[in-house]
Amino acid sequence: MMHGSHKPVSANSDVIVRTGGGGGWGEPLERDPERVRWDVLEELVSREAARDLYGVELKEDLAVDQAATRELRRKLGRAA
C-alpha cells in the first residue's frame with residue numbers, strides 16, 4: 001500500500017516530485033512547529049510522530065497548540 005500526498009494534475013503537466021528521506025537535519029525538538037504541522041498536513045509525518053519525535057502537539061483542527069507544545073518540548077528535552 002502506498003502512502004503519501006496525492007494531488008491531481010492535468011494531462012500533459014510537468015510535475016516535480018519531492019520525497020522525504022534520510023534522518024533529517026538538526027535537533028527535532030528545535031524544528032519550527034508550523035513546519036512540523038505542514039509535514040503532518042502533507043502526510044510526511046504522522047500526528048503521533050509530530051508529538052513523540054518533534055514535541056509538537058496539534059489540536060483537533062491540526063493547528064499547533066502552542067502552550068502544549070512548549071510544555072511537551074520542555075518535558076522531552078529533560079528526558080534526553
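Over the chain, dividing the summed -39,500 (n - 2.57) contributions of all DSSP H runs of at least 4 residues by the number of residues returns a 222 nm mean residue ellipticity of -10500 deg cm²/dmol. Applying D = kT/(6 pi eta Rh) to the stretch 22-80, where Rh is the Kirkwood radius over alpha-carbon pairs, T corresponds to 20 °C and eta to 1.002 mPa s, the Stokes-Einstein value obtained is 189 µm²/s. If you plug the beta carbon distance of Glu60 and Glu27 into 1/(1 + (r/R0)^6) with R0 = 30 Å, you get a FRET efficiency near 0.60. Our estimate of slack between Glu71 and Lys7, defined as 0.36 nm per intervening residue step minus the Cα-Cα distance, is 19.5 nm. Peptides 46-57, 61-72, 27-38, ordered by how many other C-beta atoms sit within 10 Å of their residues on average, highest first, read 46-57, 27-38, 61-72. Taking amide H positions as modeled 1.01 Å from N, with prolines and chain starts lacking one, the residues under 5 Å from Leu58 and 5 or more places away or on another chain are Asp65.
Readers should treat all values here as calculations from the given coordinates under stated rules, not as data from a laboratory. Nothing here was measured: the structure is a model prediction, and the numbers come from that model. Please note: Cβ atoms are built from the backbone with ideal geometry, for glycine as well, and neighbour counts cover all protein chains shown.
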